[in-house]
1. Go over the candidates A:F217, A:F213 one by one and state the one that is more than 16 Å from ligand 1 (Cβ to nearest atom) and over 27 Å from A:I115 (Cα atoms).
2. Only one residue in A:A76, A:A82 is modelled with pLDDT of 95 or more, assigned to a strand (DSSP E or B) and touching a Pro at 6+ places or on another chain (Cβ under 9 Å). Which one?
3. Residue under question is A:G35, and the condition is that it be without any contact (Cβ under 8 Å) to a residue 60 or more places away in the chain and either within 16 Å of ligand 2 (Cβ to nearest atom) or under 30 Å from A:M200 (Cβ atoms) (or both); does it hold?
4. Within the set of pairs 6 or more residues apart or between chains, which connect a residue that is touching a residue at least 40 places away in the same chain (Cβ under 8 Å) inside the range A:141-154 to a residue that is in a helix (DSSP H, G or I) and basic (K, R) with Cβ atoms less than 7 Å apart?
5. What number of residues in the range A:90-107 are within 11 Å of chain B (Cβ to nearest Cβ) and assigned to a helix (DSSP H, G or I)?
6. In contact (Cβ under 8 Å) with a residue 24 or more places away in the chain and either surrounded by 15 or more Cβ atoms within 10 Å (Cβ to Cβ) or over 30 Å from B:L88 (Cα atoms) (or both): is that true of B:V24 in this structure?
7. Count, please, the residues in the range A:14-26 that happen to be in contact (Cβ under 8 Å) with a residue 24 or more places away in the chain and either within 10 Å of ligand 1 (Cβ to nearest atom) or closer than 17 Å to A:V205 by Cβ (or both).
8. Given the conditions (1) modelled with pLDDT of 95 or more; (2) closer than 16 Å to B:P92 by Cβ, which single one is not true for A:D116?
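The values are calculated or read from the model by the stated rules, or taken from the named source; none is laboratory data. Remember, it's a predicted structure, so these values are computed and weren't measured experimentally. Ideal geometry is used to build each Cβ from the backbone, glycine not excepted, and the neighbour counts take in all protein chains shown.
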Amino acid sequence: MSSKPLIVRNLTKSFKRKTIIDDLSFELDKGKIYGFLGPNGAGKTTTIRMLVSLLHADKGDIIVNGYDLKKDRSNALARIGAVVENPEMYNLMSGMENLRHFARMHKPKISQERIDELVEFVELKGAINDKVKTYSLGMKQRLGIAQALLHKPNVLILDEPTNGLDPKGIRQLRAYLRTLAKDEEVTVLVSTHLLSETEMMCDEVLIIQDGKFVKQFSVGEESSDKTVKALFRATSNEELIPVLEEFGTVEQDHKYIVLSGIQQEQIPTIIATASERGVLLYEVILKDTLEDQFLELTGGESA
Amino acid sequence: MNSLITNELIKTWYRNRVKMFLIVMTALYLIIAFSLRFFMNENAIPTAGSFLITSQTIINGTFLLFYGVIITTSSITSEFHKGTIKQLAIRPISRVKILASKLISGFIALLALMVLYNIVIYLVSVLLFDASNAPENLLVTALTACLYKIPVYLFYLALSVIIGTLFKSTIIAVVLFFVIDSVGGMVTGLITMLEWNASYFIYPNLMLESYSDNTLINDPNMQGLFGAGESLTFSLMIILVYSLVLGAIGFFRFQRQDIA
Ligand SMILES: Nc1ncnc2c1ncn2[C@@H]1O[C@H](COP(=O)(O)OP(=O)(O)O)[C@@H](O)[C@H]1O
Ligand SMILES: [Mg+2]
């Protein structure tokens with residue numbers, strides 16, 4: 001089927017008359033990693049719960065590889081693998097017993113080779129026969145990814161998978177997701193409230209806030225032709241202003257002159273022009289507008 | 001479905017510490033049996049028949065039933081408490097099948113325990129105690145007493161399903177079990193005293209032994225006084241209707257609920 005791996009249309013959900021997800025629509029392409037970005041309480045987990053049929057949507061459609069989740073639940077779910085919030089496992093059983101347990105829930109039968117292959121992939125070979133209660137959070141997270149991939153899903157959904165992971169764990173996760181997207185053409189949707197993570201991990205970013213779609217863009221694209229903002233401090237700020245006005249919009253705060261609407265590549269020219277006019281610069285600070293936008297959207301909450 | 005039941009039985013083995021239950025129950029039973037046989041006053045030692053039926057009443061009617069309620073309820077509630085229910089509910093398997101696999105595996109576990117313990121009970125009774133002038137064939141008695149308990153198990157497991165899905169609490173199931181078990185007789189008595197018809201109330205209908213013409217099984221001293229007394233078919237129908245209604249509510253709730 002040539003349909004997109006995941007299409008979400010007009011998804012709406014209320015709890016006690018409060019609309020939590022509000023007419024949310026988006027589409028995902030094959031083999032890409034999507035950052036599902038929004039501040040805490042934006043509705044990421046609620047959306048994901050609906051994608052995997054834990055919650056029933058009030059309105060809207062979820063279509064997985066052409067299968068409508070409402071009408072064709074098992075065909076749709078057979079193409080999704082997910083870890084929703086924490087990777088909860090059966091603590092009294094070993095990692096291998098957990099994987100076999102979840103493998104038994106799929107048809108056609110999942111082979112022991114497939115299980116072993118995934119254990120290898122998430123680097124749990126040494127601990128796979130230990131009880132899960134002895135696992136660190138990172139190991140549980142990796143076991144969670146392995147169980148989500150047992151049935152070779154087309155779409156992998158991870159809900160804030162980096163919560164509680166150390167930098168090494170995050171790097172590892174990033175590497176797994178890259179491999180999956182590249183080699184197996186799995187579409188990955190990773191939710192997070194940290195912009196920096198999506199920039200590190202993802203091909204595309206999908207921002208939601210208050211349950212509403214805000215923006216979707218590709219990470220590379222955004223950085224090549226996006227406009228940036230720069231802060232300047234010079235020997236004489238008053239003399240610098242007319243120079244900067246030739247390049248973009250100027251605002252002044254207590255210490256810096258803020259120039260916006262410029263391309264990153266223009267900055268050397270701006271510095272050269274200023275010194276030609278006899279204005280020397282102490283400081284130039286480049287501001288990422290993506291970060292700014294996100295901070296604005298999210299009311300300043302970031303890490 | 002088979003693989004789902006396999007999963008549930010494996011989880012039950014770990015979760016409900018079945019190994020521990022087997023060891024403790026068997027050891028206790030053997031200790032009590034041997035003490036009765038060897039440390040009691042010679043003419044107070046029970047006959048094989050009365051030891052058999054007392055053992056069955058206590059073990060089948062209380063311990064196994066109680067453990068079966070815990071197994072079935074906790075197979076539902078513990079998934080919710082630990083959050084693993086999410087991992088089950090996102091599989092391409094209907095929720096009805098998931099819940100059915102829990103109910104069926106609870107029933108299988110309970111029946112397996114019943115078979116195991118009743119073999120032990122029968123052997124201990126005939127080997128340790130005097131079976132020479134038993135009023136009934138003891139093997140037939142043992143088997144019949146088991147059969148009378150199976151519909152009762154069905155009812156209590158249906159009750160476990162509804163408690164597990166509605167209240168998500170094993171404690172409530174345990175409490176309800178004791179309430180039905182102890183207050184049931186009183187309520188039946190009260191209803192009868194008020195000259196209402198108690199025969200549609202579930203409790204007297206659970207006393208299926210009162211329909212037996214086996215003198216060991218149908219012993220008023222053992223079974224209490226409150227058999228429904230209508231007929232075996234009537235009581236079985238009542239049990240079936242109660243079980244179906246309770247089960248249906250549980251399944252409906254599980255099917256519709258949002259999993260947080
Ligand atoms: N079961 C529920 N009942 C009522 N409100 C809920 C429920 N689940 C989530 N919410 C609310 O929905 C909003 C979105 O929550 P969530 O999807 O968990 O956000 P995120 O994962 O983006 O942090 C929050 O305001 C939360 O309080
Ligand atoms: Mg969340």
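1. Values: A:F213 fails: more than 16 Å from ligand 1 (Cβ to nearest atom).
Exactly one residue qualifies, and that residue is A:F217.
2. From the options A:A76, A:A82, the qualifying one is A:A82.
3. Values: without any contact (Cβ under 8 Å) to a residue 60 or more places away in the chain: no; either within 16 Å of ligand 2 (Cβ to nearest atom) or under 30 Å from A:M200 (Cβ atoms) (or both): yes.
Answer is no for this residue.
4. A:L150/A:R114
5. Of the residues in the range A:90-107, the ones within 11 Å of chain B (Cβ to nearest Cβ) are A:90-94, A:97-98, A:100-107.
Add one more test, that the residue is assigned to a helix (DSSP H, G or I), and what stays is A:97-98, A:100-103.
The qualifying residues number 6.
6. In short, no.
7. Adding up the residues that qualify gives 7.
8. Condition not satisfied by A:D116: (2).
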